[in-house]
Amino acid sequence: MELKIINDTENNMLKRRELEFYITGYEATNSKADAKRELCKKLNLSPDNTVIVSLNQEFGMKRSVGIAHSYSSAAELERVEPKFIIERMKKSEGSNGQPKGGEGAKE
């Protein structure tokens, strides 16, 4: 999986970094959990304070365009981000931090 940062902006008012990126996967579709893991690893971000807001597959390609927010603390994330985005991220990661259907999932 290859990750390329398009835009990295510091938003001091909301105490977060706003990231736009391309992610190219070897599979047909990239998951939000995989994108978050790769983004946090590449930029040395805390996974607990980072959320993928959107991840859209480009038509006919194995590349996705995403937007992520990385907060200074988990409390700031809970205060600013809508609850449905936080819940969606928790569902996609599963209870053990692995993406559903991935290595950590039971089949």
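Rule-based calculations on the coordinates, nothing more; no lab input. The structure presented is a predicted model; accordingly, all values stated were derived computationally and were not measured. A quick note on method: Cβ atoms are made from the backbone with ideal geometry, for glycine too, and the neighbour counts reach across all protein chains shown.
In this simple spin-label approximation, Lys4 and Lys90 carry label points 7 Å from Cα along the Cα→Cβ vector, and these lie 3.6 nm apart.
Quick one: putting +1 on the C-beta of Lys and Arg, -1 on the C-beta of Asp and Glu, what dipole do you get for the chain around its Cα centre, in Debye to the nearest 20? All intermediate terms of the calculation are to be shown ahead of the outcome.
Values: 18 positive and 17 negative charges, 28 e Å.
The dipole of the chain has a size of about 140 debye.
Along the axis of the charge dipole computed for the chain (Cβ charges of +1 for Lys and Arg, -1 for Asp and Glu, origin at the Cα centre), the listed residues Gln57, Tyr22, Asn7 are led at the positive end by Gln57.
By the compact-protein rule of thumb, 2.2 N^0.38 Å, the alpha-carbon radius of gyration of segment 2-93 corresponds to a ratio of 1.04.
Pairs of Lys residues in the chain that lie 8 or more places apart, or on two chains, and have C-alpha atoms under 19 angstrom apart add up to 25.
Based on Cα contacts under 8 Å between residues 6+ apart, segment 2-93 shows a relative contact order of 29 percent.
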